[in-house]
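A.B. asks: Just dropping this structure here.
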Amino acid sequence: MKLLKNKIFECGTVTDGNILRVENFINHQMDIKLFNEMGKEFKERFKDTKIDKILTIETSGIGISAIVAQYFDYVPVVFARKFPSAIISENTYNYEVYSYTKKITNMVRVDKEFLKEGENVLIIDDFLANGCAAVGLINIVKQAKANPIGIGIIIEKGFQGGRKAIEDLGVKVESLAIIDHFEDGKVVFR
């Protein structure tokens with residue numbers, strides 16, 4: 001998606017350790033005009049599939065998922081919680097997810113009330129690297145006996161194994177921008 005790639009070139013920064021920082025327009029401060037265009041693009045890429053729910057993981061995926069939901073007739077957005085909460089029931093689907101960015105493992109949870117057997121679930125997230133979060137969400141959807149029909153990713157680190165991990169589970173991956181590698185502190189897209 002050209003608009004997204006241009007925004008990454010303009011506003012993204014690459015830190016030591018090859019981490020792309022996009023918090024000024026994606027995952028801390030959100031560029032709603034850009035999000036709206038990404039929502040349209042995800043609708044185009046998944047237009048031939050009936051979507052009953054959108055699933056994401058807290059917190060970075062919530063904003064984009066809410067925008068995407070508009071283009072699928074305002075289907076509900078469910079987010080997997082990473083952190084304990086007094087308001088979530090004990091009746092949950094659970095899966096451990098390791099975060100390479102934060103170097104921690106979280107037990108992610110979705111209340112069983114919000115995912116039902118037979119539903120078609122589109123998973124949306126901001127980044128795909130090693131695929132731990134995406135695989136965790138796929139497993140939660142499968143625990144519910146629902147159908148993980150695809151995963152929409154804003155930015156994929158194509159040089160890491162996340163896509164393969166997802167495709168090995170038989171789930172379609174659509175990424176709006178795929179990074180091939182970093183070179184001299186710059187992003188090189190595939």
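The values are calculated or read from the model by the stated rules, or taken from the named source; none is laboratory data. Here the structure is a predicted model, which is why all the values come from computation and not from measurement. Positions of Cβ are generated from backbone atoms using ideal geometry, with glycine treated the same way; all protein chains shown enter the neighbour counts.
A.B. asks: Could you grab me the full set of residues in region 46-60 that are in contact with a Lys or Arg (Cβ under 9 Å, 6 or more places away or on another chain), over 15 Å from residue 73 (Cβ atoms) and crowded, with 16+ Cβ neighbours inside 10 Å?
C.D. replies: Within region 46-60, just 57 meets the criteria.
A.B. asks: Further question on the same structure: Looking at region 1-61, what strands (runs of 3 or more DSSP E) fall wholly within it and have at least 2 residues that are β-branched (Val, Ile, Thr) and touching a Leu at 6+ places or on another chain (Cβ under 9 Å)? Steps first, please.
C.D. replies: Details: elements: 13-15, 19-21, 53-57.
Once the strands (runs of 3 or more DSSP E) in region 1-61 are filtered for at least 2 residues that are β-branched (Val, Ile, Thr) and touching a Leu at 6+ places or on another chain (Cβ under 9 Å), what remains is 13-15, 53-57.
A.B. asks: Restricting to region 97-131, what's the tally of residues that are surrounded by fewer than 20 Cβ atoms within 10 Å (Cβ to Cβ) and hydrophobic (A, V, I, L, M, F, W, C)?
C.D. replies: So the first thing to find is which residues in region 97-131 are surrounded by fewer than 20 Cβ atoms within 10 Å (Cβ to Cβ), and the list is 98-105, 107, 111-114, 116-118, 120, 130.
Next cut, hydrophobic (A, V, I, L, M, F, W, C) only: 104, 107, 114.
Within region 97-131, residues that are surrounded by fewer than 20 Cβ atoms within 10 Å (Cβ to Cβ) and hydrophobic (A, V, I, L, M, F, W, C) number 3.
A.B. asks: Could you give me the residue pairs with C-beta distances under 6 Å whose first residue belongs to region 145-172 and is farther than 17 Å from residue 52 by Cα and in contact (Cβ under 8 Å) with a residue 24 or more places away in the chain, whose second residue is surrounded by fewer than 18 Cβ atoms within 10 Å (Cβ to Cβ) and of a type outside the set (S, T, N, Q) wherever it lies, and which are 6+ apart or on separate chains?
C.D. replies: 156/178; 158/178; 158/180; 158/190
A.B. asks: Here's something else I'd like to know. Among the residues of region 1-19, how many are in contact (Cβ under 8 Å) with a residue 40 or more places away in the chain and touching a helix residue (DSSP H, G or I) at 6+ places or on another chain (Cβ under 7 Å)?
C.D. replies: The total comes to 2.
A.B. asks: If you scan region 77-92, which residues turn out to be under 27 Å from residue 39 (Cα atoms) and either modelled with pLDDT of 90 or more or touching a Phe, Trp or Tyr at 6+ places or on another chain (Cβ under 7 Å) (or both)?
C.D. replies: Scanning region 77-92 gives 77, 78, 79, 80, 81.
A.B. asks: Looking only at region 62-83, filter to residues that are outside any helix (DSSP H, G or I) and within 16 Å of the chain's Cα centre (by Cα); which one of those is farthest from residue 134 (Cα to Cα)? Break it down stepwise before answering.
C.D. replies: The initial filter retains those residues of region 62-83 that are outside any helix (DSSP H, G or I), namely 72-83.
From what is left, the residues that are within 16 Å of the chain's Cα centre (by Cα) are 76-82.
Numbers: 76: 19, 77: 16, 78: 14, 79: 12, 80: 11, 81: 14, 82: 13 Å.
Ranking the candidates gives 76 first.
A.B. asks: Looking at (1) acidic (Asp, Glu); (2) farther than 20 Å from residue 47 by Cα; (3) under 13 Å from the mean Cα position of the chain (by Cα), which one does residue 180 not meet, given that it meets all the others?
C.D. replies: The one condition residue 180 does not meet is (3).
A.B. asks: If I ask for residues that are aliphatic (A, V, I, L, M) and in contact with a strand residue (DSSP E or B) (Cβ under 7 Å, 6 or more places away or on another chain), which ones from region 53-85 would you list?
C.D. replies: To start, the set of residues in region 53-85 that are aliphatic (A, V, I, L, M) comprises 54-55, 57, 62, 64, 66-69, 75, 77-78, 80.
If the condition is that a residue be aliphatic (A, V, I, L, M) and in contact with a strand residue (DSSP E or B) (Cβ under 7 Å, 6 or more places away or on another chain), then 54, 55, 57, 62, 64, 66, 68, 69, 75, 77, 78, 80 are the ones that fit.
A.B. asks: If a residue must be under 22 Å from residue 16 (Cβ atoms) and not in a strand (DSSP E or B), how many such residues does region 167-182 contain?
C.D. replies: Going through region 167-182 one residue at a time, the tally reaches 0.
A.B. asks: Among all residue pairs at least 6 apart or on different chains, which show Cβ distances below 9 Å where the first residue, located in region 24-43, is at positive phi and free of Cβ contacts under 8 Å to residues at least 24 places away in the same chain and the second is assigned to a helix (DSSP H, G or I) and surrounded by fewer than 19 Cβ atoms within 10 Å (Cβ to Cβ)?
C.D. replies: Taking only residues 6 or more apart or on different chains, not a single pair turns up.
A.B. asks: While we're looking at this one, here's another question. Mind listing whichever residues of region 144-161 are surrounded by 20 or more Cβ atoms within 10 Å (Cβ to Cβ) and not in a strand (DSSP E or B)? Reasoning before the result, please.
C.D. replies: First pass over region 144-161, keeping only residues surrounded by 20 or more Cβ atoms within 10 Å (Cβ to Cβ): 144, 146, 148, 150-157.
Once the filter is applied, which keeps residues that are surrounded by 20 or more Cβ atoms within 10 Å (Cβ to Cβ) and not in a strand (DSSP E or B), region 144-161 yields 144, 146.
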